[in-house]
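Step one of this worksheet: look at the structure below.
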Amino acid sequence: MTDARRTSSGQKVPKNGDGLLIGALTDYGLGPYVALLHSAARYPFSPRATWLDIDHGIALGDVQAGALTLRRTVPSLPPCVVVAVVDPGVGTDRRAVALKTATGHQLVGPDNGLLEPAARRLGGATELVDIRSSPLRVVDRSLTFDGRDLFGPVAGALCGGWALEHVGTPIDPASLMALALPAPRATASGLEAAVLEVDHFGTLVLALDDQLAALGPLPPLGTTGRIAAGDGGRDLALGRTFADVPSGELVLYRDSDGALALARRDGSAAQLLGLQVGAPVSIEFAAGDQTPGSRAA
Amino acid sequence: MTDARRTSSGQKVPKNGDGLLIGALTDYGLGPYVALLHSAARYPFSPRATWLDIDHGIALGDVQAGALTLRRTVPSLPPCVVVAVVDPGVGTDRRAVALKTATGHQLVGPDNGLLEPAARRLGGATELVDIRSSPLRVVDRSLTFDGRDLFGPVAGALCGGWALEHVGTPIDPASLMALALPAPRATASGLEAAVLEVDHFGTLVLALDDQLAALGPLPPLGTTGRIAAGDGGRDLALGRTFADVPSGELVLYRDSDGALALARRDGSAAQLLGLQVGAPVSIEFAAGDQTPGSRAA
Amino acid sequence: MTDARRTSSGQKVPKNGDGLLIGALTDYGLGPYVALLHSAARYPFSPRATWLDIDHGIALGDVQAGALTLRRTVPSLPPCVVVAVVDPGVGTDRRAVALKTATGHQLVGPDNGLLEPAARRLGGATELVDIRSSPLRVVDRSLTFDGRDLFGPVAGALCGGWALEHVGTPIDPASLMALALPAPRATASGLEAAVLEVDHFGTLVLALDDQLAALGPLPPLGTTGRIAAGDGGRDLALGRTFADVPSGELVLYRDSDGALALARRDGSAAQLLGLQVGAPVSIEFAAGDQTPGSRAA
């Protein structure tokens, strides 16, 4: 427990990854693939690491959903290793990478846009390595399960104290593939956006925190409005939380991640409006009908 | 590993929560919110705690389901911290609490009936604190994710050795909100009840162990009967286990938690009878047709 | 951390199971039964063990699915304890067992075929004990939850250093119940098989690695063919990975476990073909139309 070594950045790393954290996000669902990834990451380098399942319910191959969930969660973790696998290109020549961010987080996964939004939010990638020919790759086994045979072992080694340059070949951090996201825009009296995420509660994310500047200042809390999506549209109000509107009504608010989101109190906005990820949304704000500082309801 | 301090009750607490247990129950489903709760509970106070996911598949906002699952599981855990979040009132002024039971378990969650059945089963709440203004609350961040911003940090601090009176304001333990549950009742030749829970196997819970006294003594094992629910009713038999009836038949028995339950051998009673939580159930026992001590089948 | 004892086989076991691994596979789904099994395994014997959820989404009572998932995953784990519960016979007089394999893995569960394929792959059972009357069984509690009351405590004790002969009564290792699996067979110009598994990605397993010898040598990579299942059949090609066929096409390949499997690139073979576990499959290979060593596409 007291034996420690140092990574290339001088950070002390407890032996065997004791107390260190490995987070994992995949589209593997409930089956055994998560356990195989977990085992491959833990052994032999970090048997005492703490394992944290971030989300394995990402829709099959949905890189955007995985990327936005990583972006939402990894900043809440202490500096740690995160392995992410939403990888429709497994078995092709797509690049596989590991990186370190300005905050000291280390991310491992395919280079298909999955890692970039989280890395950017953590100050950007300061080191990036191509791990396709990593010495940690299990060879002569399979071409179709890089979670077990490549990403897991690399994550485990990083957690166990290996330096980034020992798990892959250094490349330009600026070459990390970016994720293309639809951008919201301000209109004369409202905004237009595409649904970026729908969560378990049916809340719709319309604009990430770092996309809000493009919308300009929002009307004051209490402002009412109307969403044109669906058949005929629905009323909404700008609020801070669900309790700012009556039960069953829509509230446009900053969600727990700082994003602009649309929720239905005591219900699902996605179900009410019949909207899924990618659907266009148009919102018009009513002018001057709010009482600033009061509750919208 | 050997450094320890003491809580207000004199209990020795290992440093960093090492070896201590945090259990968690929510209606967060498979997405990333569980990971955010987990991380918030673990860091900074209890990085070495053991984490145990009790159930995150509670139906959205179903306080009764969450409360009964807590009641069923927490007594099987050693004295530990359990954080529970089924909280349709998040963002309103509903009370948030932490409590200690007579058995030394500590429960954290909204004060909406979720915690009370488990607490009562564990000898009742001996200490109760209001944590709405807890020094552990993360402020200026969000009003809609108390799992991450309030309940998680409080649970982590308790696991890390904080005393209950340091995470909130002491209030009368008797003020903990109780859960109102439908009560079963004996009839002239049987019983009437409402379905309290339906489990993964389709087994219907009709009366909790502490509600059984209200039904009086049940007929002896082997007694047959008929359930009137659904179209026309179905035969059943009183047994101790599934093997006491033929495959496909219904058995009324004391389940693994001591509750009176109705199961279908090699199938789902809920599906066979078309019954969900809350559905009324009426059972008539046949008189004198059993052979005491023999198998019902 | 430094205190250790030895098992009957002389293996050093850390105190309290520290650092040791308990894997778990069940058909318990998302509800609280997994937590109750977990807690029963961890306490009192192995509070510091690492817990790894292998798969709890096995279809209710589907012993074959559980057995094949165990067989696929346990060999990737270091020598450890695995508790497996897919047990439609709970509450009957079916045998319950614990065993040690030639590799040092210890498996605990019902003796209904669930454990045998994994044990055989790990060199076979070298020790087998009947645990129905184990001193670790919780008695006078329930007849319907052996995960909590028998299998969990036995697994925890084994992880905590108990010798196998102390948790049950030694019996002939050859008496472990085998799982009957459909066998693939070679035809004049192809093969016939039954679908053994369908995974989360819709990939169909047709023949396990140790069933491949019965098929004789397969045609070279790049060979095309046709699967007769479904309405009219579909083209396929023999490849090493998904990228060997165009998007949407079928590839017959050795999967990550060495089994012969049929996948659809960027899609679900199961959905495309309308096939489920148990469905018969007939494949004809085209003669001489491949270019050896080239990509099929």
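Please work out if B:GLY216 is modelled with pLDDT under 95 and open to solvent by less than 40 Å² (accessible area, probe 1.4 Å).
Values: modelled with pLDDT under 95: yes; open to solvent by less than 40 Å² (accessible area, probe 1.4 Å): yes.
Against the criterion (modelled with pLDDT under 95 and open to solvent by less than 40 Å² (accessible area, probe 1.4 Å)), B:GLY216 qualifies.
Could you please let me know if A:ARG120 is basic (Lys, Arg) and open to solvent by 20 Å² or more (accessible area, probe 1.4 Å)?
yes
Name the residue that is surrounded by the fewest Cβ atoms within 10 Å (Cβ to Cβ), counting only residues in region B:124-140 that are in contact with a helix residue (DSSP H, G or I) (Cβ under 6 Å, 6 or more places away or on another chain) and within 14 Å of chain A (Cβ to nearest Cβ).
B:VAL138
Tell me which residues, restricted to region C:64-87, are open to solvent by 20 Å² or more (accessible area, probe 1.4 Å) and either within 14 Å of chain B (Cβ to nearest Cβ) or in contact with a Cys (Cβ under 7 Å, 6 or more places away or on another chain) (or both).
Those that are open to solvent by 20 Å² or more (accessible area, probe 1.4 Å) and either within 14 Å of chain B (Cβ to nearest Cβ) or in contact with a Cys (Cβ under 7 Å, 6 or more places away or on another chain) (or both): none in region C:64-87.
Residue check: is B:ARG185 in contact with a strand residue (DSSP E or B) (Cβ under 9 Å, 6 or more places away or on another chain), charged (D, E, K, R), without any contact (Cβ under 8 Å) to a residue 60 or more places away in the chain and over 30 Å from B:LEU99 (Cα atoms)?
For B:ARG185, the condition - in contact with a strand residue (DSSP E or B) (Cβ under 9 Å, 6 or more places away or on another chain), charged (D, E, K, R), without any contact (Cβ under 8 Å) to a residue 60 or more places away in the chain and over 30 Å from B:LEU99 (Cα atoms) - is met.
In the list A:GLY267, A:GLY233, A:GLY248, which residue meets the criterion of being surrounded by fewer than 21 Cβ atoms within 10 Å (Cβ to Cβ), in contact with a Lys or Arg (Cβ under 6 Å, 6 or more places away or on another chain) and over 25 Å from A:VAL74 (Cα atoms)?
A:GLY233
When you scan region C:43-61, how many residues do you find that are within 17 Å of C:ALA118 (Cβ to Cβ) and more than 13 Å from chain A (Cβ to nearest Cβ)?
Summing the residues that are within 17 Å of C:ALA118 (Cβ to Cβ) and more than 13 Å from chain A (Cβ to nearest Cβ) in region C:43-61 gives 0.
Quick one: how many residues across region A:130-144 are at pLDDT 95 or above and touching a Ser or Thr at 6+ places or on another chain (Cβ under 6 Å)?
Counting residues in region A:130-144 that are at pLDDT 95 or above and touching a Ser or Thr at 6+ places or on another chain (Cβ under 6 Å) gives 1.
Considering only residues that are at pLDDT 95 or above and open to solvent by 10 Å² or more (accessible area, probe 1.4 Å), which ones fall in region B:88-104?
Matches in region B:88-104: B:ARG95, B:LYS100, B:ALA102, B:THR103, B:GLY104.
Among the numbered criteria (1) open to solvent by 10 Å² or more (accessible area, probe 1.4 Å); (2) within 13 Å of chain C (Cβ to nearest Cβ); (3) closer than 20 Å to A:ASP149 by Cβ; (4) within 14 Å of the chain's Cα centre (by Cα), which single criterion is violated by A:THR26?
Result: A:THR26 passes all but (1).
Can you find even one residue in region A:181-204 that is at pLDDT below 95 and basic (Lys, Arg)?
no
Residue-by-condition table, conditions (1) among the charged types (D, E, K, R); (2) closer than 20 Å to C:HIS56 by Cα:
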position	(1), (2)
B:PHE45	no, no
B:GLY57	no, yes
B:ASP62	yes, no
B:ALA67	no, no
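Can you pull out every residue in region A:242-276 that is charged (D, E, K, R) and over 20 Å from the mean Cα position of the chain (by Cα)?
Hits for region A:242-276 are A:ASP244, A:GLU249, A:ARG264, A:ARG265, A:ASP266.
Mind listing whichever residues of region B:251-281 are assigned to a loop (DSSP other than H, G, I, E, B) and more than 14 Å from chain C (Cβ to nearest Cβ)?
B:GLY274, B:LEU275, B:GLN276, B:GLY278, B:ALA279
The values are calculated or read from the model by the stated rules, or taken from the named source; none is laboratory data. Computed from a predicted model, the values in this text were never measured in an experiment. Methodologically, a virtual Cβ is constructed for each residue, glycine included, from the backbone with ideal geometry; neighbour enumeration extends over all protein chains shown. What goes into the accessible areas is simple: the full protein's heavy atoms, side chains included, and nothing from ligands, DNA or RNA. Shrake-Rupley method; radii C 1.70, N 1.55, O 1.52, S 1.80 Å.
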